[in-house]
Amino acid sequence: MPPSSTETIGPDLIDVWSWKLDMPVPDFGTSMTLLSVDERARAERFVHERDRQRFVAARSGMRLILGRYLGLLPQSIRFDYGANGKPAVPACGSSSIRFNLSHSADLAVLAVSDRYELGVDIEEIRFLKEDIAKRFFSGREYRTLRSMPAEAYLDGFYRCWTHKEAFVKAHGAGLSLPLDSFDMIFDRQGESRLERLEGDPDAPGNWVVLELATPVNFAGAVVASTRGHRVCLRYRDEDIGAIPGKVRGGFPPGIA
Ligand SMILES: CC(C)(COP(=O)(O)OP(=O)(O)OC[C@H]1O[C@@H](n2cnc3c(N)ncnc32)[C@H](O)[C@@H]1OP(=O)(O)O)[C@@H](O)C(=O)NCCC(=O)NCCS
């Protein structure tokens, strides 16, 4: 049976759902049945069993959640893919849904809006074997990072990384968007924001950057094209559906 009532969001909110990806074996079988033929084929191609299970847990979780907004059974949702692989659900009449998924280690997060194009990124904070900031960040971002005290560097690196990645994912251009063509403000002095996008002087007013309240060993951000409208994140802490072992991911901290 499809969900009897559908979730609503409105113009002022972006919903944030999170869940753990490592699950008991019986739940894996149930989760598999929610996937489409192409998703199952993709799952089969993973070399490592843990990566396969996490992919299945992420996709089935995303389907369970989106089904609540769309009033559809999770297994009946059909995804379209943009030129760079961004999944979307085709608009139906006047209703549309925008969403984006990110996963890192055993955690998944899904951001959902009923109107704004968006992107989300989470990363587990790990010691950097090699400092790749100079290669990936703009000159301005790199200077901000270098000016931080040593104990704040790793946190700053992951904040900048997730802000940038969430913007790339929201923008939809994928890796064809040069990473030095835009600057993110990510220090803790004020609000996170986009300060510059090459060739688009209006961009800073059009995009909003919202930092996620993640568990301590993660960093994350949502970026959305709200065209100046103020929005807040609404953390959803309900169980996400039919699979008993699917547990919430601890957003914001304390919910786990
Ligand atoms: C694929 C990519 C979109 C994100 O990759 P990622 O950070 O490894 O992975 P995430 O977990 O955050 O996101 C993956 C999910 O985003 C979604 N996605 C795929 N392509 C997407 C795209 N072009 N735009 C937005 N979302 C996309 C999918 O749902 C995907 O999960 P699934 O395929 O398991 O369902 C791509 O941007 C990428 O490879 N980025 C790395 C580029 C980089 O160097 N970034 C440096 C930032 S400083």
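The values are calculated or read from the model by the stated rules, or taken from the named source; none is laboratory data. Predicted, not measured: the structure shown is a model, and the values here were computed from it. Don't worry about glycine lacking a Cβ; one is built from the backbone with ideal geometry, like all the others, and counts go over all protein chains shown. Accessible surface areas use protein heavy atoms only, side chains included; no ligands, DNA or RNA. Shrake-Rupley method; radii C 1.70, N 1.55, O 1.52, S 1.80 Å.
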Item to check | In the chain, lysine pairs with alpha-carbon atoms under 23 angstrom apart (chain gap of 8 or more, or interchain) | outcome: 8
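Subtract the Cα-Cα distance of Y142 and S96 from 0.36 nm times their separation in residues, and report this length gain in nm to one decimal.
Values: separation 46, 0.36 × 46 = 16.56 nm, distance 3.78 nm.
Full extension from Y142 to S96 adds 12.8 nm.
Treating the beta-carbon of each Lys and Arg as +1 and of each Asp and Glu as -1, no other charges, what is the dipole magnitude of the chain about its Cα centre, to the nearest 20 debye?
280 debye
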Next on the checklist: As I understand it, the value is the acute angle between the Cα axis of helix 49-70 and the longest principal axis of the Cα atoms of the chain; what does it come to in degrees, rounded to 10?
Outcome noted: 80 degrees
Checklist entry - Debye sum, Cα scatterers, the range 121-225, no solvent: what log₁₀ I/I(0) at q = 0.12, 0.17, 0.20, 0.24 1/Å? => result -0.36, -0.74, -1.04, -1.52
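With the contact rule set at Cα under 8 Å and sequence spacing of 6 or more, what percent relative contact order holds for the chain? If you can, show how the numbers build up before the last one.
Values: 485 pairs, mean separation 58.9, N = 256.
Relative contact order here is 23 percent.
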Checklist outcome for this item: Note, the range 136-146: 3J(HN,Hα) by Karplus (6.51, -1.76, 1.60, θ = phi - 60°), whole Hz, Gly/Pro = x, goes 9, 9, 6, x, 5, 4, 5, 5, 4, 4, 5
Item to check | Average accessible area per residue (Å²) across the chain - probe 1.4 Å, nucleic acids and ligands excluded | outcome: 50 Å²
Checklist outcome for this item: Once both label points are put 7 Å beyond Cα along the C-beta direction, the R78-E49 separation in nm becomes 3.6 nm
Item to check | Principal axes of the chain: Cα extent on each, largest first, Å | outcome: 54, 42, 36
Next on the checklist: Computing the accessible area with a 1.4 Å probe over protein heavy atoms, can you report the carbon and sulfur percentage for the chain?
Outcome noted: 53 percent
Checklist entry - Based on the Cβ-Cβ distance of V25 and L154, what FRET efficiency does E = 1/(1 + (r/R0)^6) give at R0 = 45 Å, to the nearest 0.05? => result 0.80
Next on the checklist: Heavy atoms of the protein only, probe of 1.4 Å, neighbouring chains included. What is the accessible area of M32 in Å², nearest 10?
Outcome noted: 30 Å²
Item to check | Average Cα contact separation per residue, the range 121-225, under 8 Å, 6 or more apart, as relative contact order % | outcome: 31 percent
Checklist entry - Restricting attention to the alpha-carbon atoms of the range 1-106, what are Rg (one decimal) and Dmax (integer), both in Å? => result 14.3, 42
Checklist outcome for this item: Distance in Å, no decimals, from the C-alpha centre of the range 140-174 to the one of the range 1-80 is 29 Å
Checklist outcome for this item: Sorted by accessible surface (1.4 Å probe, heavy atoms of the protein chains only), largest first, D38, D114 come out as D38, D114
Checklist entry - So how much accessible area does K86 have, in Å² to the nearest 10, using a 1.4 Å probe? => result 40 Å²
Checklist entry - For helix 153-171, what angle does its Cα long axis make with the longest principal axis of the chain, in degrees from 0 to 90 and rounded to 10? => result 60 degrees
Checklist outcome for this item: A chain fully extended from A173 to D200 at 0.36 nm per residue, minus the present Cα-Cα distance, gains in nm 8.3 nm
